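All remarks here apply to the structure that follows.
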Amino acid sequence: MSEFDLVIKNVLIVDPDRDDPVAGDIAVRDGKIAAVAPGVDVTGVPQVVDGGGKLAFPGVVDAHQHWGIYNPLAEDTASESRACAQGGVTSALTYMRTGQYYLNKGGDYADFFPEVLDLARGGAHVDYAFHLAPMSNRHIEEIPDLVERFGVTSFKVFMFYGGHGLHGRSADQSAFLMTPPGERYDYAHFEFVMRGVRAARERFPHLAEEISLSLHCETAEIMTAYTRMVEEAGELTGLAAYSASRPPHSEGLAVSIAAYLAHETGLPTINLLHLSSRKAVDAAVRMASAFPHIDFRREVTVGHLLADITTAHGLGGKVNPPLRPREDVEALWEYIADGTVDWVVSDHACCRDELKFGDPRDDIFLAKSGFGGAEYLLPGMITEGRRRGLSYGRIAALTSRNPAVRYGLRGKGSLALGKDADIALVDPARTWTVRAEDSESTQEFTPFEGFELTAEVTDTFLRGTRILEAGKVVGSPSGRYLARPYDHA
């Protein structure tokens, strides 16, 4: 009887700390990586998989998704986790808040979050965790309990929600956010959230580096004014109009405000989410120089790296912050190449056709914001990254190791001994065309329709169990909720 449950033979093992992959085998025991070496003895091993010389990436840790935003949470948990498996994603960190969308209710997280966990339980094909957004004063008070009781160590602020809606201008944000009477969701609230997260770090010093606050950095006042200007001018349409209505300097200004508030409150663990433009990342770099004691992490989405306002397939590319002109896409790749960007995510938010598009369908300001993309995360990064000289190791760090470290997923992020056997096998010589109909997501469109990718995830393993075989999702849901810190011991 072998000491291993599974051996994946004949693969090129990708290490986030090494540029080039190394030929070898991966042995698994009890869902963990038990050996990584050439020529592993397979005598008596109950399952042996021939990797056929493919790349073996650590399972992707997609640190930014939105399950349950446009569809019932239980439905999204099932379908969108299947799409995750297609993209080599084995851990999905999904954002959740009270208010309209999601569960469409307010109240304390002590009551709200157990319902979230119940709705997701047993339905996911990949492991998952939740970031939570403190929308009210009471939520700030609950932060220590969320850390200690539920293993939630990451929190979020939507900087534009104070005076701008999810899809555009809004006249009544209190009703949208379902916040208590008399409370405001504004810069003062963001400051108090930061103080609350800092207090949690002090209360749990052994977790301090894994307790962080993420910010969606756009400025409501700038966006509201520019939306009016764009609509009144009537010169731009589609994604170009939406990008102009939420200009890059709105991002840069919000980044600067967030950074100073972090300095003022003494909160050092700040994540700047889905930076979409040169101006946004430039502001982030400037703030890191101004406040070197703040440990900023900078996130970019695969959507902003693959598509621009011209190449995206139709208004389905509406997202916040917007897709940008090609020069901003190239700037983001420059920042990835020089190490400025810390991780890449999908910002996956499944929005079905009947919800996505308004009436008329060609009005960008009536369309809903967001789209799926987890299934294209790793293939897209390899396709564009390799074309630009990015090493396989750097791609693994951007898609797996770096977010795992920041967000307390100690058992994820690499193929090191003792870590979870989360593995994505990739054929780097397979060219294929993106078609929405081929995705396991319930979204009937994709802004990447017709894009040609030159790498394909063929097989995905979650804790040693194959969940994708020859490009097809297999088996029943086996994903688990990851209370953090999630260790591999």
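Remarks
- Complete set of residues in the range 51-69 that are more than 21 Å from residue 382 (Cβ to Cβ) and open to solvent by 10 Å² or more (accessible area, probe 1.4 Å): 66, 69
- Matching residues in the range 70-80 - criterion: being among the charged types (D, E, K, R) and open to solvent by less than 10 Å² (accessible area, probe 1.4 Å): 76, 80
- Search result, residues across the range 336-366 that are crowded, with 24+ Cβ neighbours inside 10 Å and small (Gly, Ala, Ser): 346, 349
- Residues considered: 94, 43, 98. Of these, the only one that is among the β-branched types (Val, Ile, Thr) and open to solvent by 30 Å² or more (accessible area, probe 1.4 Å) is 43.
- Hits in the range 374-400 (condition: open to solvent by 10 Å² or more (accessible area, probe 1.4 Å) and touching a Pro at 6+ places or on another chain (Cβ under 6 Å)): 392
- Residue under evaluation residue 231, criteria (1) acidic (Asp, Glu); (2) within 23 Å of residue 133 (Cα to Cα); (3) open to solvent by 50 Å² or more (accessible area, probe 1.4 Å), criterion not met: (2)
- Only residues that are surrounded by fewer than 17 Cβ atoms within 10 Å (Cβ to Cβ), charged (D, E, K, R) and under 21 Å from residue 291 (Cβ atoms) were counted in the range 234-260, giving 0.
- Per-region count, the range 168-227, residues of a type in the set (A, V, I, L, M), in contact with a helix residue (DSSP H, G or I) (Cβ under 7 Å, 6 or more places away or on another chain) and farther than 25 Å from residue 148 by Cα: 2
- Checking the stated criteria, residue 205 turns out not to satisfy the condition of being closer than 30 Å to residue 407 by Cα and crowded, with 22+ Cβ neighbours inside 10 Å.
- Subset of the range 62-107 that is in a strand (DSSP E or B) and hydroxyl-bearing (Ser, Thr, Tyr) - its residue that is nearest to residue 179 (Cα to Cα): 95
- Test: residue 118 is open to solvent by 10 Å² or more (accessible area, probe 1.4 Å), modelled with pLDDT of 95 or more and closer than 30 Å to residue 182 by Cα: no
- Hits in the range 353-400 (condition: of a type in the set (A, V, I, L, M), assigned to a helix (DSSP H, G or I) and modelled with pLDDT under 95): 355
- Subset of the range 81-91 (residues that are touching a His at 6+ places or on another chain (Cβ under 8 Å) and open to solvent by less than 10 Å² (accessible area, probe 1.4 Å)): 81, 83, 84, 85
- Boolean, residue 24 is free of Cβ contacts under 8 Å to residues at least 24 places away in the same chain and open to solvent by less than 40 Å² (accessible area, probe 1.4 Å): yes
- Per the conditions (1) at pLDDT below 95; (2) within 30 Å of residue 390 (Cβ to Cβ); (3) not hydrophobic (A, V, I, L, M, F, W, C), the sole criterion not satisfied by residue 10 is (1).
- Residue list for the range 304-333, filter: basic (Lys, Arg) and open to solvent by 10 Å² or more (accessible area, probe 1.4 Å): 326
- The residues of the range 179-202 that are open to solvent by 20 Å² or more (accessible area, probe 1.4 Å) and of a type in the set (Phe, Trp, Tyr), listed by number, are 187, 192.
- Unique match (being open to solvent by 40 Å² or more (accessible area, probe 1.4 Å) and closer than 30 Å to residue 328 by Cα) among 263, 216: 263
- Taking every residue in the range 218-236 that is under 13 Å from residue 364 (Cα atoms) and pairing it with any residue that is of a type in the set (S, T, N, Q) and in a helix (DSSP H, G or I), at least 6 positions away or on another chain, the pairs with Cβ-Cβ distances below 6 Å are 227/245; 230/245.
- Close Cβ contacts (under 7 Å, 6 or more residues apart or on different chains) running from residues in the range 45-61 that are under 14 Å from residue 29 (Cα atoms) to residues that are open to solvent by 10 Å² or more (accessible area, probe 1.4 Å) and modelled with pLDDT under 95 comprise 45/2.
- Scan of the range 379-426 for residues that are in contact with a Gly (Cβ under 8 Å, 6 or more places away or on another chain) and among the charged types (D, E, K, R), ordered by number: 394, 401, 412, 419, 420, 422
The values are calculated or read from the model by the stated rules, or taken from the named source; none is laboratory data. Keep in mind that what you see is a predicted model, and the values were worked out from it rather than measured. Note: ideal-geometry Cβ built from the backbone for every residue, glycine included; neighbour counts use all protein chains shown. Note: areas computed on protein heavy atoms with side chains; ligands, DNA, RNA excluded. Shrake-Rupley method; radii C 1.70, N 1.55, O 1.52, S 1.80 Å.
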